[in-house]
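A short reminder: the numbers here are calculations on the coordinates, not readings from a lab. Note that the coordinates shown come from a computational prediction; the quantities given were computed from them, not determined experimentally. As a convention, Cβ positions derive from the backbone with ideal geometry for all residues, glycine included, and neighbour counts pool all protein chains shown.
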Amino acid sequence: MSFEVPFTKKNLDLYLRELGKEYRRRGKGVHAELILIGGASVLINYGFREMTYDIDAISMPPTVMKEAVNAVGDRFGLPNGWLNMDFMRTSSYTPRLAEYAVHYKTFSHVLEVRTIRAEYLLAMKLVSGRRYKKDMSDIVGILIGQARAGQPLSYEKIDKAVIDLYDDWSRINNDTRTLLLKALETPNLEELFSEQCAEEARSKEVIAEIVQKSPGVVRENNIQEIIAAALEKKK
């Protein structure tokens, strides 16, 4: 779920702080857990993303949390569902994610916010593999971030994460896997990152053009093929 509202690490922490206060009032002190995934997890763990338009999360318990999320959204003029807890319907979701989440911050003594460990976050990005989003550049960006932190990710470590979460590589398309192998071999990850950012921008433009000319043609199950065909035609 995407909204044209930019979230930065600074304002995300502000909203989470307010969410902690709101949940504490509504949850009567009961401990809650929020696991930030996708772009939000990238945003708070790495420096290559200045903002994201997607705040996806897994919440336990979900009911009272949704009420608190809506209250904070109303207070700050955010769209309904600004914190998307419907992530469980997506292809990269697995109930095993909670096993590989690490502590980020605790707000108002009741709301623990966690994020996904690097190799598992990368595994999720491999499964998503969307050329029109930030998945491809995020894959390269995470590798850069880990290398700079002195904790580089090897293929073996990534492979283990994929197996731990999804049992095998069957959910990962060939283009995404090829990108990963290229990224692990290239001596210039920054250049590859820039290339992926540029391709994502082109893909987004292609989709916008098609949606404008032929509304209803682009769907979730055909968007990757449409982008590939349109980019090939432009060549």
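The phi torsions of the range 105-115, fed into the Karplus equation with coefficients 6.51, -1.76 and 1.60 and a -60° offset, translate into couplings of 8, 10, 10, 6, 6, 10, 10, 8, 9, 10, 10 Hz, rounded to whole numbers, with Gly and Pro shown as x.
Once you sort the root eigenvalues of the Cα gyration tensor of the range 84-134 as a ≥ b ≥ c, which label holds: rounded (a/c under 1.5), prolate (a/b larger than b/c) or oblate (the other case)? Cα axes put the range 84-134 in the prolate bin.
Taking amide H as placed 1.01 Å from N in the peptide plane, the amide H of Thr106 sits under 5 Å from that of Val113, each at least 5 places away or on another chain. Remark: spin-label model distance Asp159-Glu67 equals 5.0 nm, labels positioned 7 Å along the Cα→Cβ axis.
Residues whose amide H lies under 5 Å from that of Asn84, counting only those 5 or more places away or on a different chain, are Ile55, Asp56, Ala57; hydrogens are built 1.01 Å from N in the peptide plane. Relative to the compact-globule estimate of 2.2 N^0.38 Å, the Cα radius of gyration of the range 1-131 comes out at 0.98.
Between the beta carbons of Thr178 and Thr8, assuming R0 = 45 Å, the FRET efficiency works out to 0.90 to the nearest 0.05. The separation of the range 159-209 from the range 87-149, counted between C-alpha centres, amounts to 15 Å.
When GluC sites (Glu not before Pro) are flagged only if DSSP places them in a loop and at most 13 other Cβ atoms lie within 10 Å, the longest unflagged stretch of the chain comes out as 51-219.
Need one number: the % of Cα-Cα pairs in the range 1-52 sitting beyond the 16 Å mark. Here the long-distance tail beyond 16 Å is 49 percent of all Cα pairs in the range 1-52. Adding -39500 (n - 2.57) for every DSSP H run of four residues or longer, then dividing by how many residues the chain holds, sets the calculated 222 nm ellipticity at -17500 deg cm²/dmol. Once C-alpha pairs closer than 8 Å and six or more residues apart are averaged by separation and normalised to the residue number of the range 67-189, the relative contact order reads 20 percent.
Lysine pair count for the range 77-166 (Cα-Cα distance under 18 Å; residues 8 or more apart in sequence or on different chains): 4.
DSSP assigns beta bridges within the range 14-112; of those with both partners inside it, close to 70 percent run antiparallel. When you restrict to C-alpha pairs under 8 Å that are six or more residues apart and normalise by the size of the chain, the relative contact order lands at 17 percent.
Beta-bridge orientation, the chain: approximately 65 percent antiparallel, per DSSP, counting only bridges with both partners inside.
For the range 82-87, 3J(HN,Hα) computed residue by residue from phi via the Karplus equation (6.51, -1.76, 1.60; θ = phi - 60°) reads 4, 10, 7, 9, 9, 4 Hz, glycine and proline entered as x.
Computed on the range 92-152, with alpha-carbon pairs under 8 angstrom and 6+ residues apart, the relative contact order is 24 percent.
FRET efficiency for Ala149 and Ala208, Cβ-Cβ distance as r, R0 = 25 Å, nearest 0.05?
Calculated transfer efficiency: 0.10.
Loop-located chymotrypsin sites (Phe, Trp or Tyr not before Pro) in the range 1-102 (DSSP state not H, G, I, E or B) with no more than 12 neighbouring Cβ atoms inside 10 Å do not occur.
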